[in-house]
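Let me begin by presenting the structure, written as structure tokens, before commenting on it.
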Amino acid sequence: MWRNHPTESYSNYSGISSSLSSSTYSNFSSQTKWQRISNKSMSREINHSSVCRPYRVPLMEDDSTDRDYTTAQSIVGTCPIMCPEKERIQREGLRDLAIFERLNGNPRKSSSSLAVKKFCRTISLKEIQASDLRPLSVLEDTLDHLMKLLESSDHSFLLLHDFIFDRIRSIRQDISMQNINNDQVICMYQKMVRFYVTSHHKLRRCEGDSTTLSSIHHLNMEQLTKCLGSLYNLYDMNRNFESIFDNEAEFRSLYVLLHLDSQSNSAGESLSLWFSRLSSFIISSKEMCFARTVLRSFRMGNFWRFFHTIASESTYMQFCIIEPFILEVRAHALACINSSGYKLHPYPLRTLSNILMIGELDLESFCNASGLQTSHDDVGNKVLPTKQTGFSHPKGGFQCNVFSWLELLKKDVRQSEFSSASDSC
């Protein structure tokens, strides 16, 4: 894991809670600006007395696991394959093999190169044996195996996500039970966060029962916030005083961007308190400045700055977090222009499409979905007449091309982002 060395000394700070603050926005149709989100403060005591390197504590992620870390500290996994042989044989007998684990498609036969240990919710550390746990090298190979499956086009993303989602939780469980907190684990957690973030984006495009998809999306977001919290703790545990980790600023910025969600019901610490524990090097990084600008523009209703900042500075991973809010901002922009425009001077659709980073045809469809009618001016250009009374926020499910450059960004970055963590180790 490569580390960058800023000129200033890196201050000590603790990790964050994985939960996010909640708030409620005012109705865009009756407000000219968005209501600012009020972040709830966390009543957690912070120990500022220690300035030394943090003590390595276990990564406690899944509350369902019965923990006794006095026992776990002495456990070192010895399982040499991705799935313990005992579990594989048992699941073969029960026909409990995922399609990716079946040997030649046989639902009752697998192999050591296909079977991957499942996540077990009720595992007890007092009963666990070393042969049930995979050592770090095997866990790294297992994660690489799972990430390669994402490149498969033979199966739907929902099927891929269901399998990888479960097996990644099992990897994190093995790491937690062995109390492994080194640089290699940081690389692994960065890969896992990337999976959750890109899934956050891809699940929105999956077809199926809306209730089921909503549940899957919620669980993915829940594990993303937990994984981010563990990653931040790992950064702190392994930090040298005058260094930061590769890509740390980008991964830190995701926590800020997750505060775009005003519908989150989980309570968390305020951003101001969280920022107070970050070093000035992280706060002044381009990734963090980008996240703060996007969040501020979103809360203030500055749709021009919101879109142009994203178009000029966003990484693919940052965009995956922001993307669900783009239609919301576009709807707010239409509401503002419709209510504040001069009735005798319709707004040119071409100008509006440039501001909102959307194709002219898509914009016309979006206007119609919002209850606004378009027309043509004297020279044949499409315009949006203002002061229309039929505006309403478009129903959920409206789809259009988000940004013209998104496909290029995905093509250039998708392959490298999953490998960048391992390349930096």
* Structure fact -> For the pair residue 236 and residue 131, the simple spin-label estimate (label points 7 Å beyond Cα toward Cβ) gives in nm 3.9
* Any of 118/286; 117/191; 148/226; 226/286 with alpha carbons more than 30 Å apart? Name them for me. => 118/286
* Asked: Largest first, how would 168, 89 line up by accessible area (1.4 Å probe)?
  -> 89, 168
* How far is it, in nm, from the label point at residue 222 to the one at residue 112 when both lie 7 Å from their Cα along the line to the Cβ? -> 3.6
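Taking all protein chains as present, what is the carbon and sulfur share of the accessible area of the range 267-336, in % to the nearest whole number, probe 1.4 Å?
Looking at the range 267-336 in its full context, I get 57 percent from C and S.
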* To do: Scan around residue 383 for amide H atoms under 5 Å from its own, H built in the peptide plane at 1.01 Å from N, and keep only partners 5 or more places away or cross-chain.
  => 349, 375, 376, 377
* Using a 1.4 angstrom probe with every protein chain in place, what is the largest-first accessible-area order of 387, 286, 226? -> 286, 387, 226
* Place a +1 charge on the Cβ of each Lys and Arg in the range 337-392 and a -1 charge on the Cβ of each Asp and Glu, then give the dipole magnitude about the Cα centre in debye, rounded to the nearest 20. => 200
* Which of the chymotrypsin sites (Phe, Trp or Tyr not before Pro) found in the range 287-386 are loop residues per DSSP with 12 or fewer other Cβ atoms within 10 Å of their Cβ? -> 342
* **Label point 7 Å beyond Cα of residue 144 along Cβ direction - residues of the range 176-200 with amide nitrogen under 13 Å** => 188
* Structure fact -> Rounded to the nearest 10 Å², the accessible area of residue 357 using a 1.4 Å probe with every protein chain kept is 40
* Find how much the distance from residue 153 to residue 206 grows on full extension, using 0.36 nm per residue of separation minus their present alpha carbon separation; answer in nm with one decimal. => 17.7 nm
* **Residues of the range 131-167 with amide N under 12 Å of a point placed 7 Å along Cα→Cβ from residue 120** => 131-134
* Structure fact -> Karplus-derived 3J(HN,Hα) from phi for the range 353-360 (6.51 cos²θ - 1.76 cosθ + 1.60, θ = phi - 60°), whole Hz, x at Gly and Pro, runs 5, 5, 5, 8, 6, 9, x, 4
* In sequence order, what are the phi-derived ³J(HN,Hα) couplings for the range 340-348 according to the Karplus relation 6.51 cos²θ - 1.76 cosθ + 1.60 with θ = phi - 60°, rounded to whole Hz, with x for glycine and proline? -> 9, x, 8, 4, 7, 10, x, 8, x
* Interchain or long-range residues, amide H under 5 Å from residue 245's placed H -> 4
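The values are calculated or read from the model by the stated rules, or taken from the named source; none is laboratory data. Since this is a predicted model, take the numbers as computed values, not measurements. Heads up, the Cβs are rebuilt from the backbone with ideal geometry, glycines too, and the neighbour counts pull from every protein chain shown. The area values use the complete protein model at the heavy-atom level, side chains included, leaving out ligands, DNA and RNA. Shrake-Rupley method; radii C 1.70, N 1.55, O 1.52, S 1.80 Å.
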